[in-house]
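The values are calculated or read from the model by the stated rules, or taken from the named source; none is laboratory data. No experiment lies behind these values; they were computed from the predicted model shown. No Cβ is skipped: glycine too gets one built from the backbone with ideal geometry, and neighbour counts run over all protein chains shown.
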Amino acid sequence: MMSGSEMSVMKTISGRSPQPLRSQKSPRSIRRLAQGSTKASDQADVIERLKSGDQAALETVFAMYSVKLYNVALRILGDAADTEEVIQDVFWTVYRKAKSFQGNSQLSTWLYRLTVNAALGKIRRRKNNKAVDYEEYLPKFQADGHHAVRPVIDWSDNLDEQYSKYELQELLRKALDELKPLDKSAVVLSDLEGISDKEIADTLGLSVSAVKTRLHRARLFLRGKMAVHLGYSPA
Amino acid sequence: MAKRNKSPDKALTDRTCKQISGLLNDYISNRLNPTVKREFEQHLSICPDCVSFLKTYKKTMAATGSTRVPTLPAKLRKNVLAFLRKKMRQIAVFLLVFADQICR
């Protein structure tokens with residue numbers, strides 16, 4: 001902890017009182033946010049506190065979003081060590097660049113954008129990036145627009161019977177890893193985090209229609225992978 | 001496979017399976033306009049292939065969602081918080097040293 005004279009010196013330099021490294025008592029808005037409040041005023045308050053360098057505010061944001069951002073980074077990267085680095089970098093960036101957050105988008109959109117960009121940056125730096133051709137796993141149609149392979153088998157009930165939850169998750173993880181990075185980001189934000197197409201578009205810097213197209217092709221690919229794994233045609 | 005009938009409802013069944021496939025996303029998220037939604041559901045009522053396709057598409061989405069982990073690994077949480085606290089402490093010390101030099 002800083003002494004009183006140290007605090008006084010810092011106030012002289014920065015024009016504001018430095019925040020103690022460990023706040024003794026969190027303000028109400030921060031406590032409410034930590035308990036899951038979605039009130040805009042609480043969010044605005046925690047952002048203002050972040051901008052003033054309040055450590056408690058950063059820890060509240062960490063408590064609120066770390067699991068969400070961890071899931072996003074882990075599924076995009078598929079690697080625990082890279083994920084930890086990304087999470088670390090994202091929250092440190094939040095603390096350093098809180099002043100640049102204009103409030104034009106939601107705090108969550110900014111956090112997702114930082115996380116996805118950091119994860120995609122890591123993927124770009126990897127040397128073993130493999131391009132996957134979706135075509136083999138997409139449904140095929142006849143010239144008149146009807147399914148090329150009939151009947152289409154409904155394997156939705158078999159899935160839970162044939163696989164344990166763990167096996168199913170492993171299957172999906174591998175299939176997700178084969179998606180193109182931007183498609184994977186869209187699927188993760190949508191199907192894991194339940195984010196709207198509009199917020200995904202803002203996060204990824206794409207149009208809503210581009211997000212929809214990417215989501216649909218990626219889901220068709222994942223569905224095709226599952227179907228083939230179960231011994232059926234992706235059609 | 002959907003049959004094209006000659007009834008007054010012909011327009012409602014004119015959608016092909018390929019077109020239906022392209023509407024799945026909007027149907028699931030309930031964003032189809034009422035007319036298209038009616039066409040979509042009319043097609044489903046006569047096309048078991050598209051019903052199966054829809055069910056497996058939805059199942060894939062749900063299975064993807066199930067890969068979510070509910071908590072942060074304790075070690076990662078500890079490491080990241082330790083990193084952040086250390087960096088914040090470094091900033092505070094830097095400011096103090098800087099302030100001290102200015103005051104002198």
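A few remarks follow.
- The listed residue being at pLDDT below 95, assigned to a helix (DSSP H, G or I) and over 15 Å from A:Ser66 (Cβ atoms), out of A:Arg124, A:Arg113: A:Arg124
- Filter pass, A:Ile153 being within 17 Å of the chain's Cα centre (by Cα) and either of a type outside the set (Ser, Thr, Tyr) or farther than 14 Å from B:Thr64 by Cβ (or both): no
- B:Ile46 being more than 7 Å from every other protein chain (Cβ to nearest Cβ), surrounded by fewer than 18 Cβ atoms within 10 Å (Cβ to Cβ) and not polar (S, T, N, Q): yes
- Residue in the stretch B:71-87 that is within 7 Å of another protein chain (Cβ to nearest Cβ), modelled with pLDDT of 85 or more and loosely packed, with under 12 Cβ neighbours inside 10 Å present: yes
- Tally, over the stretch A:75-92, of residues that are over 27 Å from A:Glu178 (Cβ atoms) and surrounded by fewer than 17 Cβ atoms within 10 Å (Cβ to Cβ): 1
- Every pair of residues 6+ apart whose Cβ atoms lie under 9 Å, when the first sits in the stretch B:90-104 and is under 20 Å from A:Arg96 (Cα atoms) while the second is modelled with pLDDT of 85 or more: B:Ile91/A:Gly53; B:Ile91/A:Tyr95; B:Ile91/A:Arg96; B:Ala92/A:Gly53
- Positions within the stretch A:93-107 being buried (at least 19 other Cβ atoms within 10 Å of the Cβ) and within 16 Å of A:Thr203 (Cβ to Cβ), in sequence order: A:Val94, A:Leu107
- A single entry from A:Lys140, A:Lys184 fulfils the requirement of being at pLDDT 90 or above and within 24 Å of the chain's Cα centre (by Cα): A:Lys184.
- With respect to the conditions (1) charged (D, E, K, R); (2) crowded, with 19+ Cβ neighbours inside 10 Å; (3) closer than 30 Å to A:Ala57 by Cβ; (4) more than 7 Å from chain A (Cβ to nearest Cβ), B:Arg68 lacks only one, and its number is (4).
- Residues being in contact (Cβ under 8 Å) with a residue 40 or more places away in the chain, within 10 Å of chain B (Cβ to nearest Cβ) and not charged (D, E, K, R) - total across the stretch A:73-121: 2
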